[in-house]
Amino acid sequence: MKQHPKVAVVILNWNGRFFLEKFLPSVYNSTYPQVQFVVGDNGSTDDSITFVTTHFPTVRIIRNRQNLGFAGGYNEVLKQVDADYFVLLNSDVEVTPNWINPVIALLEANPDMAAAQPKIRSCYHRNYFEHAGAAGGYMDSYGFPFCRGRILHVVEPDDGQYDTPCDIFWASGAAFFIRRSCWEASGGFDADFFAHMEEIDLCWRLKRMGYRIGYCPQSVVYHVGGGTLDVQNPRKTYLNFRNSLFTLQKNLPVGKATWAIFARMWIDLIAMVRFALTGRFRDAWAVSRAHQRFFLDFFKTARKRVSYSRPPNDTGWYRGSIVWAFYMSAKTRFSQLNAKRFL
């Protein structure tokens, strides 16, 4: 009988005592035979690590001396973890007992699939998908991510409409399964992202290497969302807008990147004006700062562009604007989008 591959569930923590106390028990009770649990600490100043060592002494603790963000933090922690598969799990995620097995089975059955995610529902509205991942991530031509089950800010109820495994463009960092070999071959996260969209950049690089990204609805987890940075936090606004531009510059061919970034600048300008008109002046300034930082780091980011010999995998790319589809064509559900626009 084939031995189960080794899996490491790694939770990155920064002052997350509340979430660890609430959700770590569900993770600890996962029913998978070859699993280790790791908490990577990003220089916490609360008592979260004391809590873990007291109540879950078999959970391994790996400490970073300072807060390196989601991207840099995981890069450092995973250097010290030995497993066939890494599962990057947010601390604000509640899991179901059999959540690991189906995703590992999907990856084992598809050797060309580098990473995958489970179905992600809302922790507080449990019959609805959750914003950060839902039933798998997609990308439009201007760098706006969206999901099966979530377009912009509108989240769908889970009525079983996305219960078939499929290929997607990106897998959510809230519950991110990846082969260790693919993590190492790709170089992991871009630490300059700090947080937000680093998993999209990684998935895009993996797809450019010819790999597939998968969605496994047989596995279900529940995500709070906004556990570290609230949705309307200007820092989050800054990171999302900046990192989106970084991702386009790094991964699109030069000609397409030039057009997409030019168009994004105008779309972002509209967003900035809208923030200002609704009194969200700090968010408006965050968009402006994101653009400034993009140009300041332009040549640094350009040096990160890599050419791969294998044909890229473009499955999950939407040829059009999801913003236009949402606001001008009233497409609020994934099923309403024109299937012919997807690669």
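Computed from the coordinates by the stated procedures, all read-outs in this text should not be read as laboratory data. As the structure is a prediction and not an experimental result, all values here were calculated from the model. Reconstructed Cβ throughout: ideal geometry from the backbone, glycine too, with neighbour counts over all protein chains shown.
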| query | What is the magnitude of the charge dipole of segment 7-223 about its Cα centre, with +1 placed on the Cβ of each Lys and Arg, -1 on the Cβ of each Asp and Glu, and no other charges, expressed in debye to the nearest 20? | reply | 180
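In which sequence would M272, M328 go, from the one with the fewest C-beta neighbours within 10 Å to the one with the most?
Placing the least packed residue first, the sequence is M328, M272.
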| said: For R208, R126, which order do you get if you count the other beta carbons within 10 Å of each Cβ and list the fewest first? | reply: R126, R208
| request: Would you mind checking the pairs K236/K256; K22/K331; K79/K304 and listing those with alpha carbons more than 28 angstrom apart? | output: K22/K331
| Under the definition of Cα pairs under 8 Å and six or more residues apart, what whole-number percent is the relative contact order of the chain? | 19
| query | Among I120, I178, I11, I267, what is the fewest-to-most ranking by other Cβ atoms within 10 Å? | reply | I267, I11, I178, I120
| Enclosed volume per residue, in Å³, of the convex hull spanned by Cα atoms of segment 234-312 | 86
| Out of every Cα pair in the chain, what percent are spaced more than 30 Å from each other? | 33
| From the phi of every residue in segment 11-19, what ³J(HN,Hα) in whole Hz does the Karplus formula 6.51 cos²θ - 1.76 cosθ + 1.60 yield, where θ is phi - 60° and glycine or proline is x? | 9, 8, 10, 9, 6, x, 3, 4, 6
| Computed lengthening from R235 to R60, 0.36 nm per intervening residue step minus Cα-Cα distance | 59.9 nm
| remark: Checking segment 36-124 for trypsin sites (Lys or Arg not before Pro) in a loop per DSSP with at most 13 other beta-carbon atoms within 10 Å yields R65, K79
| What value, in deg cm²/dmol to 500, does the helix sum -39500 (n - 2.57) over DSSP H runs of n ≥ 4 give at 222 nm once divided by the residues of the chain? | -11500 deg cm²/dmol
